[in-house]
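Scroll down for the structure; my scribbles are underneath it.
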Amino acid sequence: MKRILVTGGAGFIGSNFIHYILKNHVDLEALVNLDLLTYAGNLENLHDIESNPKYYFVKGDVRDRNLLETLFDEYDFDTIVHFAAESHVDRSIETPELFLTTNIVGTQILLDAAKQHWKIDNKDKYSREYRKGVRYLQVSTDEVYGALGATGMFTEKTALSPNSPYSASKAGADLLVNAYHETYGMPVNITRCSNNYGPYQFPEKLIPLMIYNAYNNKTLPVYGDGTQIRDWLHVSDHCAAITTVLESGTVGEVYNIGGNNEKANIEIVRLILNVLGKSESLIEHVKDRPGHDRRYAIDNTKITTELQWQPAYTFEDGIRETIQWYLNHNEWLERVTSGKYQKYYHDMYDRASEKNNG
Ligand code: NAD
Ligand code: DAU
């Protein structure tokens, strides 16, 4: 029976992962979601499962060593899936330091807490023996590889060459995960996925932002000429891939995850306008993002051949379903864009503890 610590589970991919695991993983004893609830954390994403007896939410920071020790003592985790991060490239250009402390220092503190708890003799620096069955999975990104020209793909052997403060901080975290494996023998995996789309994505990212703006007849800000290319994967396929790596990935290995769905940004924007029946005159070409990576493409041969993972969604089906999801969840979008979602924690948790404290 698994006891899983999920960090950043109130965010986009983390909340989808928690839904996915609770639905598909029968062999689960407890799942603890540790999330600081920054602007990107939204507990409304988990409203439907919050009374599940295997699910526990803890509001806290991955950089809080004491809290991590308390949680390890209480729940005795055997699995960690580390999503928590500052994840938006544009914000990293404004506030790089926050990205370094959250993404790099946060990862190191989490790795250290896991080592402390999992290593059989933590005082012996030469020992490499860990408790049976434990695993740390770092959720990383294809952006650590930098940008591609018109051809080629990222493989797991591509050198890291990040270009933004965000991707540099994710690359730094990956190097630490590898260092904990090489130096201390920690049983780790790193997954590097391409751009995700699907339900519960914060509307600062391309797809939900464009859906929201188009629906509300606002202009759609396309950076530069819009010909930059990303590889898109439905978030549930990413969750399935992470689960596959947890179940059958080789210790110490990196796995790229991608959907073979390269699309130019402008194509996606036009598709959204088309599905919503809106005019392309809403498109506004704005100044390009500084240091904007032109193209990402993932070679997913390793995970598809060694672990037999395959994406279930085609982009055509996934994007239509996603657009429909945002239309059906207009209230969720309104609460996120108006900031009302941030009251949810107080209403659900602070008030409950006020009651418990009399
Ligand atoms: P997100 O911004 O939607 O969610 C991040 C979550 O982390 C939020 O709930 C936030 O409250 C939490 N958090 C931030 N700082 C924290 C801290 N110090 N302690 C505890 N919790 C904290 O991000 P996302 O898009 O869901 O991405 C999740 C992970 O997946 C990130 O590590 C990101 O780098 C990686 N990733 C994202 C994509 C993508 O397309 N979105 C693709 C590949 C990899
Ligand atoms: O590749 C994986 C990465 O994908 C993840 O590691 C990041 O956490 C995630 O945010 C995402 O990064 P991108 O920078 O690719 O995603 P974003 O949605 O911000 O932008 C996608 C593309 O769309 C990019 O080329 C920039 C462009 N864009 C974005 C926004 C928000 C626009 O043209 N206009 C916009 O308003």
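On the basis of being within 16 Å of ligand 2 (Cβ to nearest atom), more than 26 Å from residue 9 (Cα to Cα), surrounded by fewer than 23 Cβ atoms within 10 Å (Cβ to Cβ) and of a type in the set (S, T, N, Q), does residue 158 make the cut? Let's see the steps before the verdict.
On the way: within 16 Å of ligand 2 (Cβ to nearest atom): yes; more than 26 Å from residue 9 (Cα to Cα): yes; surrounded by fewer than 23 Cβ atoms within 10 Å (Cβ to Cβ): yes; of a type in the set (S, T, N, Q): yes.
Judged against the criteria, residue 158 is a match.
Out of 236, 248, report the one residue that is of a type in the set (Gly, Ala, Ser), modelled with pLDDT of 95 or more and within 16 Å of ligand 1 (Cβ to nearest atom). I'd like the intermediate steps shown before the answer.
Working: 248 fails: within 16 Å of ligand 1 (Cβ to nearest atom).
It is 236.
What's the number of the only condition in (1) in contact with a Phe, Trp or Tyr (Cβ under 9 Å, 6 or more places away or on another chain); (2) among the aliphatic types (A, V, I, L, M); (3) within 16 Å of ligand 1 (Cβ to nearest atom) that residue 159 fails to meet?
Failing condition for residue 159: (3).
How many of the residues in the range 178-226 are within 12 Å of ligand 1 (Cβ to nearest atom), closer than 27 Å to residue 155 by Cβ and not polar (S, T, N, Q)?
Qualifying residue count for the region: 8.
Applying the selection to the range 70-118, what residues are aliphatic (A, V, I, L, M), farther than 20 Å from residue 14 by Cβ and either within 15 Å of ligand 1 (Cβ to nearest atom) or touching a Cys at 6+ places or on another chain (Cβ under 8 Å) (or both)?
As a first pass, look at the range 70-118 and keep what is aliphatic (A, V, I, L, M): 71, 80-81, 84-85, 89, 93, 98, 100, 104-105, 109-111, 113-114.
Pick out the ones that are also farther than 20 Å from residue 14 by Cβ and you get 93, 100.
Residue satisfying the conditions is 100 alone.
Quick one: which of 137, 111, 160, 100 is aliphatic (A, V, I, L, M) and closer than 30 Å to residue 339 by Cα? Spell out the reasoning first.
On the way: 137 fails: closer than 30 Å to residue 339 by Cα; 111 fails: closer than 30 Å to residue 339 by Cα; 160 fails: closer than 30 Å to residue 339 by Cα.
That would be 100, the only listed residue that is aliphatic (A, V, I, L, M) and closer than 30 Å to residue 339 by Cα.
What number of residues in the range 138-153 are among the hydrophobic types (A, V, I, L, M, F, W, C), crowded, with 24+ Cβ neighbours inside 10 Å and more than 10 Å from ligand 2 (Cβ to nearest atom)?
The qualifying residues number 0.
Restricting the range 1-22 to residues that are over 18 Å from residue 237 (Cβ atoms) and surrounded by fewer than 24 Cβ atoms within 10 Å (Cβ to Cβ), which is nearest to ligand 1 (Cβ to nearest atom)?
So the residue we want is 3.
I want to confirm something. Restricting to the range 39-75 and keeping residues that are polar (S, T, N, Q) and crowded, with 18+ Cβ neighbours inside 10 Å, which single residue is farthest from residue 240 (Cα to Cα)?
First, pick out the residues of the range 39-75 that are polar (S, T, N, Q): 42, 45, 51-52, 66, 70.
Going one step further and asking which of them are crowded, with 18+ Cβ neighbours inside 10 Å, we end up with 42, 45.
Working: 42: 22, 45: 19 Å.
The extreme case among them is 42.
So that you can scan it fast, the table gives a plain yes or no per residue for (1) in a loop (DSSP other than H, G, I, E, B); (2) of a type in the set (S, T, N, Q); (3) more than 25 Å from the chain's Cα centre (by Cα):
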residue: 181; (1), (2), (3): no, no, no
residue: 200; (1), (2), (3): yes, no, no
residue: 209; (1), (2), (3): no, no, no
residue: 213; (1), (2), (3): no, yes, no
residue: 222; (1), (2), (3): no, no, no
residue: 241; (1), (2), (3): no, no, no
residue: 266; (1), (2), (3): no, no, no
residue: 275; (1), (2), (3): no, no, yes
residue: 278; (1), (2), (3): yes, no, yes
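The values are calculated or read from the model by the stated rules, or taken from the named source; none is laboratory data. What you are looking at is a predicted structure, and each value in this text was computed from that prediction instead of being measured. Ideal geometry is used to build each Cβ from the backbone, glycine not excepted, and the neighbour counts take in all protein chains shown.
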